[in-house]
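Scroll down for the structure; my scribbles are underneath it.
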Amino acid sequence: LHWRPRDMQGIVLSARLVGLTDTTLGVQQTKPVSVALQVTNLSKKDVNIELLFATPTENDNPCKSLLWLQSKRPLGKVAQEDASFTLVEMLPLHEGTITLEGIKLKDLTDGTIYAPITLPQIFIRSSK
């Protein structure tokens, strides 16, 4: 039985790097980076959300670009037309544009899991 998570209507997910003066990593120096995730609720109802993180496998994406350093992060209640922020850590596996794959949103009210329509991206460059 195959299933695909539904898109969550009215919820916007965005991301940005934090804690770096620039977005460079040494050539042999791969280290975790902090990413600020913002979940904005544009719907007309309050939602109780948990973020789920799954590192892509070789089957999902043979050019795996990141490792998530946690598997979930509760956000709690996000009121209608409001936003919630959280910091998460990930390990970039290459330089360049990295799509933040493996993020899903879980509605804790009914347990439904949603996949964002568009995944956020960050940019990491090597300091060669």
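Rule-based calculations on the coordinates, nothing more; no lab input. The structure displayed is predicted, hence computed values, not measured ones. No Cβ is skipped: glycine too gets one built from the backbone with ideal geometry, and neighbour counts run over all protein chains shown.
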Revision key, fill the gap. Between Ser43 and residues 5 or more places away or on another chain, the pairs with built amide H atoms under 5 Å apart involve Glu81
Point to revise | Neighbour net charge for Leu108 - beta-carbon separation under 15 angstrom, K R +1, D E -1 | key: +2
Review point. Roughly what would the spin-label model give for Lys45 and Lys64, points 7 Å off Cα along C-beta, in nm?
Key: 3.7
Exercise for review: State, to one decimal in nm, how far the label point of Thr97 lies from the label point of Ile113, with both points 7 Å from Cα in the Cβ direction.
Suggested key: 2.7
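Find out how many positive minus negative residues lie around Gln80, taking Lys and Arg as positive, Asp and Glu as negative, among other residues whose Cβ is under 9 Å from that of Gln80.
-1
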**Study point:** Set of lysines with alpha-carbon distance to Lys45 below 27 Å, sequence-local pairs under 8 removed
**Key:** Lys72, Lys77, Lys104, Lys106
